[in-house]
1. Between residue B:643 and residue A:103, with labels modelled 7 Å along Cα→Cβ, what's the label distance in nm to one decimal, could you check?
2. Provide the gained length on full extension for the span residue B:693 to residue B:719, in nm with one decimal, where the gain is 0.36 nm per separating residue minus the Cα-Cα distance.
3. Would you mind giving the three semi-axes, in whole Å and largest first, of the ellipsoid equivalent to the range A:80-156 according to its Cα gyration tensor?
4. I want to check the label-to-label distance for residue B:794 and residue B:480. Put each point 7 Å from Cα in the C-beta direction and report it in nm to one decimal.
5. Residue by residue through B:186-194, how many Cβ atoms from other chains fall within 10 Å of the Cβ on average?
6. So for the range B:12-55, what percent of the C-alpha to C-alpha distances run longer than 14 Å?
7. Run the numbers on the range A:8-68 and let me know its relative contact order in percent, using alpha-carbon pairs under 8 Å that are six or more apart.
8. By what distance, in whole Å, do the Cα atoms of chain B stretch along each of the three principal axes, largest value first?
């Protein structure tokens, strides 16, 4: 996810392009929001406004959906999103220690973004690959069987 | 019917009912929090769980439909336990910060106590949100008290149709949020307060009075703003109105109200209220007026002095210059009873038909046009009927959302719920356009070509309802001949509406019959106002949309009682009930009733009486609750006329802009201090009930008029014989209504007593047994056959040219009322709309050079000039600006022209030519 600032007219243009490529029914809302998150980094108010116009949906409804799903975001993110699975299987496999190491390495609490805008850190519920727990998801890459001492080298791979 | 058992009782239910509804009809209470009868069920709170035999687990009764043979238990130990758990969970996230809040009946607490829980002990000890977090001046938001029942979310969507409230985030973080988690007003909130009315916990409350103690009494009355006729409860404490709350029994609006109705009442306690009669010093001293421009100082006096002087001057003017030198202006804000007396005063006491009121400035063209075409000048169908049965709607020249807000929201709901096809014809992109299937954006002043053009296409396509036309109308051939002059291409050129949109509009209204047409000032305030109305009546007759539910011609009346003021004969040509002053029989009838000779000459209208000052024909004015200095076109000229006027008695609640020109000011009372009736836009007569005593020494308006009348009569000069209805000794307004009923066939069966028991009655209601008439012209038009009258297009009297290149159109905004005397005295309304804004299109703003520094516009017409803040918005197209008449310093009427419709004498407020420049 590139760090990029968009002007309002660019947002409108980009959102319009995304909506045109996906569709304007109610059912198209989640794919649209997903794509907007991917391309803009987050779903800005300008984006919601424009989706509202194109899909003829109230902004409150788009906001409800956009804030409900973890995969969507209405806040700007760092360049990389680190998600740590806090479900039971990962917990049993030593997740708590991994979480401490992650917080230590990132100097962040869940939900925060680093001052240099490099990292955003979240905890998440089960990612569905409990066999290789503890699991960390960085952007779209999965890291399994993570131990606390691996954390610096895993994070070191990201610019 | 479906048979089921609830708690062992055999119960019959409609198949469409839920278990909850079946129980409620049988008088069985099931606890609920998220449910409300006006809102769609959602099953969120789990309080209404019941046990259904054979069902797995417990069932939400609010969402479960009844079924044959169902056996339901609504109360047992298991259910009580479940409800206690639900209540404990809700209370665990509920926090009361301890401030006083007496606005709401807390349903959460009520049920907690019912199930023997102590809410204070169980509630969360810590707040999660700031109290009063939203700057909206009307709605107090405390999310610590929110239980996420979503009643407000549904009320905003399903009642108001604005979709402001939603739920953001999920799980424990879920919270109520406006729009994109913004401030309410930024999320397009219209501050109707429906969310507050439906909130069960006080999370949303009425901000202006949140800490005011509970009322000691509630008085149901009718709103004094627009013609929709909403009712509500005035909450009274210590002889003050402390708040307005919804009254679920209100016939027109139920729980719904608009921002002005719910929050716009505090003007009644404003310190500007007139509380003592005032007379100019020169009159008290018996001297001549200081100068023709100057009336000198005001002196407070006792009532007898003021009334004696008023009577003497009116009587002497009448005796010296003749009855027609006196003008009487009545008030569409006042009751039927008061208006009846003003009509009687002018005709019986003074002997003139110079009695008029502001209907002249709003629907005079409608009354004249429809009376000629159909025989009755009133709205044909009820609002509820149209909202429920129309399959398409044509809204032309009515910004319903802002001017008749509660009906505007009913139109939105008709579109949302029943998929009604809405066509908006308006030069501006008004709010309703969002809900419209089609927006015909005609140029101002081109309504006749537009409607004639549609009829031309209907003819071409063979869509005429021939059976209706043959059986119920006449002169169709005359119409057809005229329509030939309006082929689509020509119409498109005149109106600016593309040809394909004209065809599309015709298909929509023909394929979705019945169609109801609505209009307001956009149709009437033109020099062709009456012909505009003819065109709409023609269209509906051609389609056969008369005398049926969901059809008709529906002029939306502006003032709360403008329909009633017309009904009561406050018009130059008719006695009460539209009995013509020129008809021998009706004149005889009123001469006998009132015991005197009456004038057979049609009187002068508002728009003739005031300019008549400079011609020397008007010498004295008696005005009740009107503000011509603000509301009449070409203010500079009106002010000059009023300056020159010999004698002016003004009866009002405030020192209005017009009071500057008055010689005597008589303090009347506001709607919360009086009892009487208002007649709404759909001819529905409803009670207005006194809740508090008159302020200061102010008197009932009917008493003031009677006091002056008795004095003028006593001075002699006009013989009045004693008859049952000639006197002026009324002891209450119910007696006046009895006189109205005796002399007005359409009000014959209406009395205060009946209205108190039956709620409301639509006229015609000729006898005490008659149930009233919600739909007019069923089977037959009032005049017999419907009369097709060809409407002929003429250009507006002033069009843009090189010197004045921009077109100006005028109107109101949702937060203010007419000349603003009431709403400018409501603090919260001023917070959201505190100054006049002129709407300017983005294209024009660019051309004018409006920017961060130059934010105002100076607008000049041939008659005057004003400067006001610009609002750059695409509501107006390029070349058109829009302004209002709510603020005296930049009243748009300094610019408008007093060009009159030749039949109705209504001024052309809707079109003037102006030049505009950007200023700092």
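1. 7.9
2. On the way: separation 26, 0.36 × 26 = 9.36 nm, distance 3.64 nm.
Here the segment from residue B:693 to residue B:719 would lengthen by 5.7 nm.
3. Values: eigenvalues 71, 30, 25 Å².
Largest first, the range A:80-156 gives 19, 12, 11 Å.
4. Going by the 7 Å Cα→Cβ label model, 2.8 nm.
5. For peptide B:186-194, the averaged partner shielding equals 1.
6. On the way: 492 of 946 pairs.
Beyond 14 Å sits 52 percent of the P(r) for the range B:12-55.
7. Details: 45 pairs, mean separation 22.8, N = 61.
Contact order relative to length: 37 percent.
8. Here the Cα extents, ordered largest to smallest, are 89, 69, 66 Å.
Values quoted throughout were computed directly from the atomic coordinates according to the rules given, and no laboratory measurement underlies them. Fair warning: this is a prediction, and the values are worked out from it, not measured in the lab. Every residue, glycine among them, receives a Cβ derived from its backbone with ideal geometry; neighbour counts consider all protein chains shown.
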